[in-house]
Amino acid sequence: MEKRFRRAVYEGGMARPGERVGVALSGGKDSVSLLYLMAELGRLRNFQVVALSVDEGIGGYREESLKCARVACSSLGVEHRVVRFKEGFGATLDEMVRMAEERKTGLDPCTYCGVMRRYLLNRVAREAGVCRVATGHNLDDEVQAILLNYLRGDLSRLLRLGPSYSPREGFVPRVKPLREIPEREVAAYALIRDLKVHLGQCPYARGMHAEVRDFLNRLESRHPNCKFGLLRTFERLKERLGGREEVMLQPCDSCGEPTPEKVCRTCELLAGLGLR
């Protein structure tokens, strides 16, 4: 796993000597393993690592994972920055979920969480002065995203999937050093290294995403390597389609963050909850 990680970093230019690189750290097995790998490689390759965490405010869940995140940063001597939904938006995710139910928005918690977490991660990454952010997405995460976007017919988002994202004004590029490593191997690695990680499942993890995850796991158990096959086929199709769709960006009329629309999705969701 360490060899595959290093190969991904070297071949993808994900971290170079003299750079300041962020690691999205939740406290789970993927992000903690990635932090250790990046910090250790950083000492060898002379680049600096900064851990970036988002506290959505999920009662009984996020507090425990952030404890693991703090332990990892302390043991490695890594700078740790935390940004919170409550401070950034005026409400925790738990509070947003209740507001959404009262207002009957019809949107599930993952919609609010995913959009707003990416928004805050980009903001804290800019404030930390990092050149790119490494995320702990593993093979399972990637193929789930591929299938989900295919089922939803979201070609634009589908074509944006990949091991890295090109820099765009206002956005800090993301890279995925663990993209070709199965989730079970990341879990085994964290266990072998005796890393303190949070193993709890988010109470809001349900809906189509969970169904796709379970379907792919059943398929993989009966037909080994089908997840790799799905990833490789997607990469060939993406190449035939000419790569990603270019999106023209402009400052959001409400918050000033880059967006393809007049108002960014985060501000749109917050307005629907009465928080804008």
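The values are calculated or read from the model by the stated rules, or taken from the named source; none is laboratory data. Keep in mind it's a predicted model, so treat the numbers as computed, not measured. A quick note on method: Cβ atoms are made from the backbone with ideal geometry, for glycine too, and the neighbour counts reach across all protein chains shown. All accessible areas refer to the heavy atoms of the entire protein, side chains included, with ligands and DNA or RNA removed. Shrake-Rupley method; radii C 1.70, N 1.55, O 1.52, S 1.80 Å.
Quick notes on this structure:
- Per-residue SASA entry for residue 80, accessible area with 1.4 Å probe, Å² rounded to 10: 50 Å²
- Interchain or long-range residues, amide H under 5 Å from residue 259's placed H: 250, 252
- Inter-part distance where segment 17-66 and segment 249-276 are each reduced to a Cα centre, Å: 28 Å
- Taking the Cα centre of segment 141-276 as reference, the dipole from Cβ charges on Lys and Arg (+1) and Asp and Glu (-1) amounts to some 280 debye.
- The heavy atoms of residue 3 offer some 150 square angstrom of accessible surface to a 1.4 angstrom probe.
- Solvent accessible area, Å² - residue 192, 1.4 Å probe, full protein context: 140 Å²
- Of 73, 199, 121, farthest towards positive along the dipole that unit charges on Lys, Arg, Asp, Glu beta carbons give the chain: 73
- Potential lengthening of the chain between residue 45 and residue 235 amounts to 65.5 nm, from the contour at 0.36 nm per residue minus the alpha-carbon distance.
- Computed from point charges on the beta carbon alone (+1 for Lys and Arg, -1 for Asp and Glu), the dipole magnitude for the chain about its Cα centre is near 600 Debye.
- From its DSSP helices (H runs of at least four residues, each -39,500 (n - 2.57)), the chain gives a residue-normalised ellipticity at 222 nm of -16500 deg cm²/dmol.
- Distance in nm between pseudo-label sites at residue 228 and residue 151 (7 Å out along the Cβ direction from Cα): 2.5 nm
- Averaging the sequence gap over all C-alpha pairs within less than 8 Å and six or more residues apart, then dividing by the number of residues, gives segment 14-65 a relative contact order of 44 percent.
- Relative contact order computed over the chain (Cα-Cα under 8 Å; 6+ residues apart), in percent: 22 percent
- DSSP beta bridges in the chain [antiparallel fraction, %, rounded to 5]: 20 percent
- Taking label positions 7 Å along the Cα-Cβ direction at both residue 184 and residue 102, the computed distance is 4.6 nm, reported to one decimal.
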